[in-house]
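Heads up, the thing below is written out as C-alpha cells.
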Amino acid sequence: MISKGLSLTFLGVAMFASAAAHAQQITASKDVRFIDGGTLIIKGKSITLYAIKAPELGTYCDAKKQKYDCGLISRSSLMDLSAGARIVCSRAPAPYDSKKFKCLSNGYDLSEGMVYTGWATPLASAPELFTKLALEAKDKRRGMW
C-alpha cells in the first residue's frame, strides 16, 4: 500500500512532467512565417526542422539548362505542406540537437514531407525512412533532383 504522502508526490511529479512536455510544444494554425524550407517562425519563435537540410534562399540549382532559386522553391514547398493546417511542433527526439523541432502539419511530419518532395535532404542522423524517401525523390526527379 502506498502512503497518501507518497501518492501525492507521484501526482505532483506527473503533473510537472506533463506541464514540462506541454511547454516544449508550440502550436499554430495561422500567423506562421516561413524563412526557408527548413525554418519557420511561430509565435515569434524560430523553429528549425529536425533531420533535414533544405537549401537556403539564394541557393541556385540547374534544371533544363536554366538556373533557379531552389531555396525559394523549397520554402514554397514547406508552405504548401502546411497551408491552412494546424502545425504542432515539439522538441525533436534524441539524438537531435535540442534546438531542432519535429513539426506536424495536421499530423503529417513536415521534415518527412520535405524529403519526399525532393526539397530537402536528410541528415546522416535522420530516420532510415528519410534516406529511402530521398533516394526515391532523386530517382523520380522530384524537387531539386
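Looking only at strands (runs of 3 or more DSSP E) that lie completely in the range 35-120, which have at least 3 residues being within 20 Å of residue 138 (Cβ to Cβ), free of Cβ contacts under 8 Å to residues at least 12 places away in the same chain and not acidic (Asp, Glu)?
Details: elements: 39-42, 45-49, 60-63, 66-69, 87-91, 100-105.
In the range 35-120, the matching strands (runs of 3 or more DSSP E) lie at 66-69.
Among the residues that make up the range 64-76, is at least one of them under 14 Å from the mean Cα position of the chain (by Cα) and open to solvent by less than 50 Å² (accessible area, probe 1.4 Å)? Yes, the range 64-76 contains at least one residue that is under 14 Å from the mean Cα position of the chain (by Cα) and open to solvent by less than 50 Å² (accessible area, probe 1.4 Å).
All of 109, 80 fail the test of being open to solvent by less than 70 Å² (accessible area, probe 1.4 Å), acidic (Asp, Glu) and within 23 Å of residue 43 (Cα to Cα), apart from 109. Right, residue 130: assigned to a strand (DSSP E or B) and either open to solvent by less than 40 Å² (accessible area, probe 1.4 Å) or touching a helix residue (DSSP H, G or I) at 6+ places or on another chain (Cβ under 7 Å) (or both) or not? In short, no.
Among the residues that make up the range 93-100, is at least one of them aromatic (Phe, Trp, Tyr) and within 21 Å of residue 56 (Cβ to Cβ)? Yes, the range 93-100 has at least one match.
I'd like to check something: does the range 138-145 contain any residue that is over 19 Å from residue 75 (Cβ atoms), at pLDDT 95 or above, of a type outside the set (Val, Ile, Thr) and surrounded by 14 or more Cβ atoms within 10 Å (Cβ to Cβ)? Steps first, answer last, please.
Taking the range 138-145 as the starting set, the residues that turn out to be over 19 Å from residue 75 (Cβ atoms) are 138-141.
After this cut, where a residue has to be at pLDDT 95 or above as well, the list is 138-140.
Adding the requirement that they be of a type outside the set (Val, Ile, Thr) leaves 138-140.
Pick out the ones that are also surrounded by 14 or more Cβ atoms within 10 Å (Cβ to Cβ) and you get 138.
Yes: one or more hits.
Only residues that are small (Gly, Ala, Ser), open to solvent by 40 Å² or more (accessible area, probe 1.4 Å) and not in a loop (DSSP other than H, G, I, E, B) were counted in the range 23-34, giving 1.
The values are calculated or read from the model by the stated rules, or taken from the named source; none is laboratory data. Everything numeric in this text was worked out from a predicted model, so none of it was measured. Note that each Cβ is placed from the backbone with ideal geometry, even for glycine, and that neighbours are counted across all protein chains shown. Just the protein is used for accessible areas: all its heavy atoms, side chains included, with ligands, DNA and RNA removed. Shrake-Rupley method; radii C 1.70, N 1.55, O 1.52, S 1.80 Å.
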